[in-house]
Amino acid sequence: MGRDKADVELGGVTLLERMIRRLGPRAAGILVGTRRDGPGWLPHVTVVPDPDPGGGPLQSMCAMLRHCGTNLLVVPVDMPFLPAGLLEQLCEGAPAASAVGVAGENGAEPLPVLLRPSALAPLEDLMRSGERRAGAWRSIAGAVVLNTETLGWTHPSPWHLMGVNTPADLALAVQRLAIFREV
């Protein structure tokens, strides 16, 4: 996109603000994992800086999980149509799993993922071995991937996992807002 996606506007609202409005009311708190000069200008979020700039998303996920010490729903800021009840769906869908993610039409997505405190040590082990990718959680013991049908996502479920990564994606998201009157 050529700039920080958190600042990209969709329907007059930044992607970060949209995510907070969508998922925040169900959360005990909101953490934003970002580089040290990243977004931190919203008064109702806690910024957890990446320990190592360029260290990849896995280090940011571990830092946020260490910070909160409880269940952590990790979502990418560029998926503006995730269901508002995603946290509950993942908690209920696999109550004993250390990590719970979603499989879309193309298989398991790296994000979103619900991480429980029991995931921290295995994720840190992966990080120490050189792993950097967000989707590394799928390889830890106790990780579960739920498909969209199990979660009860009905048509148009592909929209739930739509990422806004290009100007064309943004144009498509604007169309979706108009059609489905999303908030």
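The values are calculated or read from the model by the stated rules, or taken from the named source; none is laboratory data. Everything quoted here is computed from the prediction, not taken from an experiment. Glycine also receives a Cβ, built like all others from the backbone with ideal geometry; neighbour counts cover every protein chain displayed.
A few comments on the model shown:
- Checked against the criteria, residue 56 counts as on the phi > 0 side of the Ramachandran plot and either modelled with pLDDT of 95 or more or not charged (D, E, K, R) (or both).
- Conditions (1) more than 16 Å from the chain's Cα centre (by Cα); (2) in contact (Cβ under 8 Å) with a residue 24 or more places away in the chain; (3) part of a helix (DSSP H, G or I): number failed by residue 121: (2)
- Selection count where residues are at pLDDT below 90, of a type outside the set (D, E, K, R), under 19 Å from the mean Cα position of the chain (by Cα) and surrounded by fewer than 18 Cβ atoms within 10 Å (Cβ to Cβ), scope the range 161-183: 1
- The range 61-79, subset part of a loop (DSSP other than H, G, I, E, B) and more than 10 Å from the chain's Cα centre (by Cα), residue modelled with the lowest pLDDT: 69
- Residue list for the range 129-139, restricted to those being surrounded by fewer than 19 Cβ atoms within 10 Å (Cβ to Cβ) and of a type outside the set (Lys, Arg): 129, 130, 131, 135, 139
- The sole residue among 58, 15 that is in contact with a Lys or Arg (Cβ under 7 Å, 6 or more places away or on another chain), under 19 Å from residue 161 (Cα atoms) and not β-branched (Val, Ile, Thr) is 15.
- Selection within the range 49-67 - surrounded by fewer than 20 Cβ atoms within 10 Å (Cβ to Cβ), of a type outside the set (Gly, Ala, Ser) and in contact (Cβ under 8 Å) with a residue 40 or more places away in the chain: 57, 66
Each row is one residue, and each column tells you yes or no for (1) touching a residue at least 40 places away in the same chain (Cβ under 8 Å); (2) over 28 Å from residue 4 (Cβ atoms).
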position: 127; (1), (2): yes, no
position: 133; (1), (2): yes, no
position: 140; (1), (2): yes, yes
position: 146; (1), (2): yes, yes
position: 160; (1), (2): yes, no
position: 166; (1), (2): yes, no
position: 172; (1), (2): no, no
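- Exclusive hit being among the small types (Gly, Ala, Ser), modelled with pLDDT of 90 or more and surrounded by fewer than 20 Cβ atoms within 10 Å (Cβ to Cβ), set 121, 99: 121
- Residue within the range 143-160 that is in a loop (DSSP other than H, G, I, E, B) and modelled with pLDDT of 90 or more present: no
- Condition check for residue 66: farther than 19 Å from residue 19 by Cα and basic (Lys, Arg): yes
- Test: residue in the range 99-116 that is more than 12 Å from the chain's Cα centre (by Cα), under 28 Å from residue 176 (Cβ atoms), part of a helix (DSSP H, G or I) and of a type in the set (S, T, N, Q): no
- Some residue of the range 21-32 being part of a helix (DSSP H, G or I) and closer than 16 Å to residue 137 by Cβ: no
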